[in-house]
């Protein structure tokens, strides 16, 4: 029997202990994201016999109970089979089918091998996470990065003596909040798409939670100042020893080449000792997809939805 408990900040250490070992560098199990977006997902956690289970309570409906893939060692096939069975039993105890949201390809393969023909599979390129080489973004070295290196250098020349990068801290978060409010107003006013506006407002709600609980969440980030005024920021959190998740990055789009500068500074100042940066999904936005591809991802981490038949 899985005894799910609503998310609390005190669960971060427990969640991180599983994500760091078994999360595959995916942002899906990130405690920071679960906490910041708990208004959206309503995540609850359960640790049981060496596995961590996540229930996305706010997504459960229509006879479906929604989970993330249980995190734990896959070396013991029988233990993993039992972990998946525990999810099925939990769903059935609520007269629901089990639905695994956005599982990685390796997790999909594990489930379908153990429970053949039991699940329908759904794939969308929109859910793929973009994984980058941290050192490449911190230096923009090599022929593949020549275009972005030139953009970065142009920004340096155009704003020499005026631009400064500082670490984000509780002390300067109020100024970052003010910038975020301006950025949000401009974004909402410029959009004619109600769905896009709703998405941006939802993201802002998560950003505000991250700012509220900055220290407790162990976040790291940078703030870009021009003439002493905030013009951009980026922040993220460790997913493992090798991966860091850049959760949000917002800059004044009217300033040429500020985004290549922000990515470089985040990689340089926040990702020491990290192999990869996860820039998350493009959620189907062609603008985001084009921008993310320009920075030359090392690979895409594909994800699937599995629904019990």
**Request:** Report yes if some residue within the range 240-249 is in the same structural domain as residue 190 (by TED's automatic domain parsing), under 16 Å from the mean Cα position of the chain (by Cα), surrounded by fewer than 21 Cβ atoms within 10 Å (Cβ to Cβ) and in a strand (DSSP E or B); otherwise report no.
**Result:** yes
**Request:** Could you check, for the range 115-138, whether at least one of its residues is in a helix (DSSP H, G or I), in the same structural domain as residue 74 (by TED's automatic domain parsing), in contact (Cβ under 8 Å) with a residue 24 or more places away in the chain and over 22 Å from residue 247 (Cβ atoms)?
**Result:** no
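Conditions tested, residue by residue: (1) closer than 20 Å to residue 237 by Cα; (2) modelled with pLDDT of 95 or more; (3) in the same structural domain as residue 107 (by TED's automatic domain parsing).
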{"position": "16", "(1), (2), (3)": "yes, yes, yes"}
{"position": "30", "(1), (2), (3)": "yes, yes, yes"}
{"position": "35", "(1), (2), (3)": "yes, yes, yes"}
{"position": "39", "(1), (2), (3)": "yes, no, yes"}
{"position": "45", "(1), (2), (3)": "yes, yes, yes"}
{"position": "50", "(1), (2), (3)": "no, yes, yes"}
{"position": "84", "(1), (2), (3)": "no, yes, yes"}
**Fill in**
Checking 85, 28 in turn, the sole residue that is surrounded by 22 or more Cβ atoms within 10 Å (Cβ to Cβ) and either outside any strand (DSSP E or B) or at positive phi (or both) turns out to be 28
**Prompt:** Going through the range 91-104 one residue at a time, which ones are assigned to a helix (DSSP H, G or I) and either out of contact with any strand residue (DSSP E or B) (no Cβ under 7 Å at 6 or more places or on another chain) or without any contact (Cβ under 8 Å) to a residue 24 or more places away in the chain (or both)?
**Reply:** 92, 93
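Rundown of residues vs (1) assigned to a helix (DSSP H, G or I); (2) at pLDDT 95 or above; (3) in the same structural domain as residue 182 (by TED's automatic domain parsing); (4) at negative phi, yes/no style:
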residue: 204; (1), (2), (3), (4): yes, yes, yes, yes
residue: 209; (1), (2), (3), (4): yes, yes, yes, yes
residue: 224; (1), (2), (3), (4): no, yes, yes, yes
residue: 233; (1), (2), (3), (4): no, yes, yes, yes
residue: 237; (1), (2), (3), (4): no, yes, yes, yes
residue: 253; (1), (2), (3), (4): no, no, yes, yes
residue: 261; (1), (2), (3), (4): yes, yes, yes, yes
**Prompt:** Of the residues 14, 2, which single one is assigned to a loop (DSSP other than H, G, I, E, B) and over 18 Å from residue 105 (Cα atoms)?
**Reply:** 2
**Asked** Only one of these conditions is not met by residue 62: (1) at positive phi; (2) within 21 Å of the chain's Cα centre (by Cα). Which number is it?
**Response** (2)
**Complete:** Residue set 156, 236, 218, 228; condition surrounded by fewer than 15 Cβ atoms within 10 Å (Cβ to Cβ) and within 29 Å of residue 301 (Cα to Cα); output residue 218
**Message:** Restricting to the range 42-62, name every residue that is outside any strand (DSSP E or B) and in contact with a strand residue (DSSP E or B) (Cβ under 8 Å, 6 or more places away or on another chain).
**Reply:** 42, 57, 59, 60
**Message:** Residue under question is residue 163, and the condition is that it be more than 27 Å from residue 285 (Cβ to Cβ), buried (at least 19 other Cβ atoms within 10 Å of the Cβ) and outside the structural domain of residue 36 (by TED's automatic domain parsing); does it hold?
**Reply:** yes
**Message:** Just the residues that are touching a strand residue (DSSP E or B) at 6+ places or on another chain (Cβ under 7 Å) and more than 23 Å from residue 235 (Cβ to Cβ), please, taken from the range 18-28.
**Reply:** 22
**Fill in**
Cβ pairs under 7 Å, 6+ apart or interchain, first in the range 294-309 and crowded, with 16+ Cβ neighbours inside 10 Å, second assigned to a strand (DSSP E or B) and modelled with pLDDT under 95, ordered by first then second residue, are 303/102; 305/102
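The values are calculated or read from the model by the stated rules, or taken from the named source; none is laboratory data. In this text, all values refer to a predicted model and were calculated from it rather than measured experimentally. Positions of Cβ are backbone-derived with ideal geometry, glycine not excepted, and every protein chain shown enters the neighbour counts.
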